[in-house]
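No lab work stands behind these numbers, since they all come straight from the coordinates. Worth saying up front: this structure is predicted, and the values here are computed from it rather than measured. Note that each Cβ is placed from the backbone with ideal geometry, even for glycine, and that neighbours are counted across all protein chains shown.
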Amino acid sequence: MMDQGLTDASRPRISGLRSSKLCPSSILLPGILLSSCSGSHSPLDPAGPEASHVAHLFFVMLVGGVVIWIAVVAALVYASRKKNAHSEKAAGRVILWCGAILPTVLLCALLSYGMWLMPAIRPWLPDDQQVRRIEVTGEQFWWRVRYLDEAGEVMFETANEVRIPVGEPAHFSLKAADVIHSFWVPSLGGKMDMIPGRTNPLTLTADREGTYRGVCAEFCGESHALMAFTVRAVAAREHDAWLAARQASKPLDAEGLATFLNNGCGACHAIAGTAANGRIGPDLTAFGERGTLAAGTLPHTETDIARFIADPGEIKPGVKMPHFGMLPEDDIKKIAVFLKELK
Ligand SMILES: [Cu+2]
């Protein structure tokens, strides 16, 4: 029931707000039991082993909790009804067993199960054995994504969208540039905090192709609710072809590039192979490939790109990009078309 694609024009303008609301059925118990909360944004619809363990743990805890609740309420009702001396003794036994022994044993069992599952929920390999390595840095209010080679060197940088191969564990190194953020892809597992000055490891595996929505799960400022990203899982061969294509240089529209550079965009944004080498904002090298704009906030259309350039702060309060509404409309449009074409 949550959105599959984020580009659908019928979505509200600020899509992040709507999608970051809780799925209503995850609040209501009957909804959980019917498991109607499916789609690309639910821990109850796991798409990989780490997330499956989390979903199992949830259901086991739920059943354990219900059993304890029934036992305690039954003991209470039983004990409050019997009044004579003989039945008081029986009531004492019922309270002991249902109100003390059973809950203690069950809670210990649930705790042990949770502890036993932990290594599977957080699989970990030493750095030198990791093959698919991706570094993600949380920034107010977007995600810097760097693909690393096996030696840990940066192959290239992108933003707000992560691609991983199906069936192979992807090893994330999670960092923060400013304040604490948290990296969470409900359908794949996590979440893991991103803390300034630290690198936190997280391994996620997708076992089917798809586009999964991720969110920042730690309040990080005004536009925290507008800080989403997508994880696209594709077949390993397709993923490798994409990695290779991303490292090859491509011809660019010279006029669009000139307008981009002349207006100072290159001071904060990088486009590989050009004079634009800014590091403050998202890398825009293959910006046209992204499914969303401004970290899941807007659909990826020329109109929305132009709107964002003209007044980013109106769309994402607190954003660290100045507004460019004073530029001639034609220039903004030209830049939007140029960016949309960057593949
Ligand atoms: Cu955040």
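Before moving on, here are some points about what is shown:
- Loop sites in the stretch 58-163: GluC sites (Glu not before Pro), DSSP, at most 10 other Cβ within 10 Å: 153
- Environment charge of residue 235, counting only residues whose C-beta is closer than 14 Å and scoring Lys/Arg +1, Asp/Glu -1: 0
- The chain, helix-only ellipticity at 222 nm - DSSP H runs n ≥ 4, -39,500 (n - 2.57), divided by all residues, nearest 500: -11000 deg cm²/dmol
- Gain in span if fully extended, residue 279 to residue 88, counting 0.36 nm per residue against the direct Cα distance: 61.3 nm
- Springs between Cα atoms under 10 Å define the GNM used for the chain, and in it the highest mean-square fluctuation of 160, 263, 84 occurs at 84.
- Cα gyration tensor, the stretch 151-263 - rounded (a/c under 1.5), prolate or oblate: oblate
- For the chain, the relative contact order is 17 percent, taking Cα pairs closer than 8 Å that sit 6 or more residues apart in sequence and dividing their mean separation by the residue count.
- In nm, spacing of pseudo-spin labels at residue 81 and residue 249 (7 Å Cα→C-beta vector): 8.4
- Note on residue 323/residue 219: beta-carbon distance plugged into 1/(1 + (r/R0)^6) with R0 of 25 Å gives a FRET efficiency of 0.50.
- Net charge, residue 196 excluded, C-beta distance under 15 Å - Lys, Arg +1, Asp, Glu -1: -2
- Partners of residue 175 within straight-line reach, counting lysines whose Cα lies under 17 Å from its Cα and excluding those fewer than 8 residues away in the same chain: 191.
- Stokes-Einstein diffusion coefficient of the chain, Kirkwood radius over Cα pairs, 4 °C, 1.567 mPa s, in µm²/s: 58
- Förster radius 30 Å - calculated FRET efficiency between residue 155 and residue 337, Cβ distance, rounded to 0.05: 0.60
- Counted charge near residue 152, where neighbours are those whose Cβ lies closer than 15 Å (Asp, Glu -1; Lys, Arg +1): -3
- Per-peptide packing, taken as the mean over residues of other Cβ atoms within 10 Å, places 187-194, 173-180 in the sequence 187-194, 173-180 from highest down.
- Annotation note: chymotrypsin sites (Phe, Trp or Tyr not before Pro) in the stretch 76-168 located in DSSP loop regions with a Cβ neighbour count of at most 14 within 10 Å are 124.
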